[in-house]
1. Quick one: pull the percent of accessible area on segment A:1-113 belonging to carbon and sulfur, 1.4 Å probe, ligands and nucleic acids left out.
2. Over chain B, with a Gaussian network built from C-alpha contacts below 10 Å, which listed residue (B:Met289, B:Met333, B:Met34) shows the highest mean-square fluctuation?
3. What per residue convex hull volume, in Å³, comes out for segment B:289-331 when only alpha-carbon positions are used?
4. Take each of the peptides B:293-304, B:196-207, A:194-205, B:347-358, average the number of other beta-carbon atoms within 10 Å over its residues, and list them starting from the highest.
5. At a probe radius of 1.4 Å, figure out the A/B buried accessible area, summed over both chains, and give it in Å² to the nearest 100.
6. What aspartates and glutamates sit close enough to A:Lys6 to cross-link, taking a C-alpha to C-alpha distance under 20 Å and skipping anything fewer than 8 places away on the same chain?
7. Accessible area per residue, 1.4 Å probe, Å², for segment A:116-164: what's the number?
8. Given the C-alpha centroids of segment B:201-230 and segment A:89-127, what is the distance between them in whole angstrom?
Amino acid sequence: MKIEVKNLDFGYSSEKLTLHDINLTIDRPGLYCIIGPNGVGKSTLVRCMNKIYHIPDGTVFVNGVDLNEISIKENAKNMSYVPVGGDDVFSLPVVDTILVGRHTQQHWRTTAEDMEITYKAMRLLGIEDLAMHSYNQLSAGQHQKVAIARGLVQETEMLILDEPTANLDVRYQVYVTELLKELARRNDMIILMISHDLNITARYADEVIVMAYPGVIHSIGKPEDVITEKTIKEVYGLDSDMIVHKMCKPHIILGSAVRID
Amino acid sequence: MNENDRPDVVSPLVKDKVGEWLSPVDTEAYHGTMGKFQKYVAKKYIFIIVCAFACLVAMGLSVGFGTYRIDFFETYMTIWYHIVGDIHDVVNDIVVVEDRLPRICVGVLAGAGLAVAGAAMQSILKNPLAEPYTTGVSSGAIFGASLSIVFGISIFGGDYALVGNAFVFSLIPTSVIIFVSRMKQSSPTMMIMAGIAVMYIFNAMTTVIRLWSDPDSLSSLYAWEVGTLAYAKWANLYLMLPVTVAGIVVIALLSRQLNVLATGDENARALGVNAEKLRLICLVVVALMSSAIVSYVGLIGFVGLVAPHIVRIVIGADNRFLIPASAAFGAAMLLFADLVGRVIIAPATIQVGVVMAFLGGPMFIWLIMRKNSKVWE
């Protein structure tokens, strides 16, 4: 699978652009992390790539085809999306909430295959005991796990996750990121996630996309090339010290803020 | 640094877990979860069957009850004889088929239609307080009826003067909501607010008409407004039956998409469901259904708001089951309320809308007070 973003400009209003001239090509399986300060357009970018927002023709291509020529139904078979948080009003049990992710495959009745993959996704995220619990009775972290499981059961070649580790405890932040990395490797998937944890990104990402104000791509590359003291100062306005860990990945010790944007 | 020089950062535990993910599952725990899920699904089917059965019982009792009493089974036999054209008892046949059955059929359609419309509105607007009349259908219908009753102004004239006016005018608020939502990207909140605004406008116009009306017109208007099955005729079904049945079928066919919508608009779009389009279709279907019902039976409230909630408390919010279950439960609820209204101070009757609120209100409060009835935030 290959996804290309070419000269993408996007704004929520005609007066102000949120994304400026974004160019990005992802053509190999792996774990890709987008980092950058709040409000820089990370979520906007992934929503443009996933057809959630309407984008100008000729700016996003999936396997060489303009995204605007693909229906949202077809697109849902190519890529799944895990939003940050959840907004379910009428609560379904966890198992039904995850089964919703089978919408593109599922027939009227739930099949044994649907159930099997749903169970496996719950087991992978450690929530199989919550299968029959009401979604609204779960914690924010458990909601996050349900959302990730729902993305996985869609069985797509590309998985986009908006801050999948936001509400998770440290153990699950590491576990889920490792899981995504391993799934990308074993399943030949492109997994694109937004993250605010520079150390986790540095350790696990195959490639890092750094975004900066005012909605531009600052740099793209391997973590050791991109996550540097200079980048952190330029993008976040923070002093930092970089140490190289035994795992041969940069480890960042953050210092004081030198500016607030 | 060369790619091969990098140590593997993924732990053996995660590798094992991903290995499990990629291989078939056949553990005791899996079968245990499957068993629980199947029981949970079976419970939903059983509930639908029980509601349908309750509906049949209510129909039999309701047809049989009156000054001229007919036995429960005899009621069904009379209907059967009429269908096969082998009428045994002419009096029974006239009383059952001509006199009482229209009321029951209109009641079933109104109960089922309003409950399904309510379930659909609550799902698409993601608001537990939404009901069939949230689109302003009721205020439009009352205004149309007022024009006909007070001023004699009607679109179709003749027998359809009142019903035609109520139907056409009840669709105007929904058209306004659709127009407003197309002008700017629609959101559930915007739709509700537009509906409330249009409702106030129509209510104000109706109030002005009432100020000019004579006591007789006011009394007729009140009798129509309060919601009753007393004036039901076979002719009512020409419009109600196709519109309500088609509406229920369309909403039922969209029920899987409604489940996806419940996970949020963005997630729905990522799963191939266009939230805006789905809302629009449901809104039009609900407006047509509730307009067709309101035009004939007046304003029967409560069933559209409460029946879907009671069903959700019992079988959950999965729209694939919620829609048919709400139809069966709403129909049974309306028929029982109508029956109670006819029995309680017989031979006089209390309008079904009033009974519904008196019986359903306390029952609903009891249900939402229960510990395990947490189906919405």
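The values are calculated or read from the model by the stated rules, or taken from the named source; none is laboratory data. Nothing here was measured: the structure is a model prediction, and the numbers come from that model. Here the Cβ positions follow ideal geometry from the backbone for every residue, glycine too, while neighbour counts run over all protein chains shown. The protein model used for the area step is the full one, side chains on, heavy atoms only, and it has no ligands, DNA or RNA in it. Shrake-Rupley method; radii C 1.70, N 1.55, O 1.52, S 1.80 Å.
1. Working: 2210 of 4670 Å².
For segment A:1-113, the apolar C and S fraction of the accessible surface comes to 47 percent.
2. Maximum among the listed residues: B:Met34.
3. Values: hull volume 2.9 nm³, N = 43.
Cα convex hull per residue, to the nearest whole number: 67 Å³.
4. Values: B:293-304: 26.7, B:196-207: 16.3, A:194-205: 21.3, B:347-358: 18.6.
For the peptides B:293-304, B:196-207, A:194-205, B:347-358, the packing ranking is B:293-304, A:194-205, B:347-358, B:196-207.
5. Working: alone 13200 and 19840 Å², together 27360 Å².
Answer for the A-B pair: about 5700 Å² buried.
6. Hits, sequence-local ones excluded: A:Asp21, A:Asp27, A:Asp57, A:Asp66, A:Glu69, A:Glu207.
7. Values: 1270 Å² over 49 residues.
Result: 26 Å² of accessible area for each residue.
8. Answer, in whole Å: 51.
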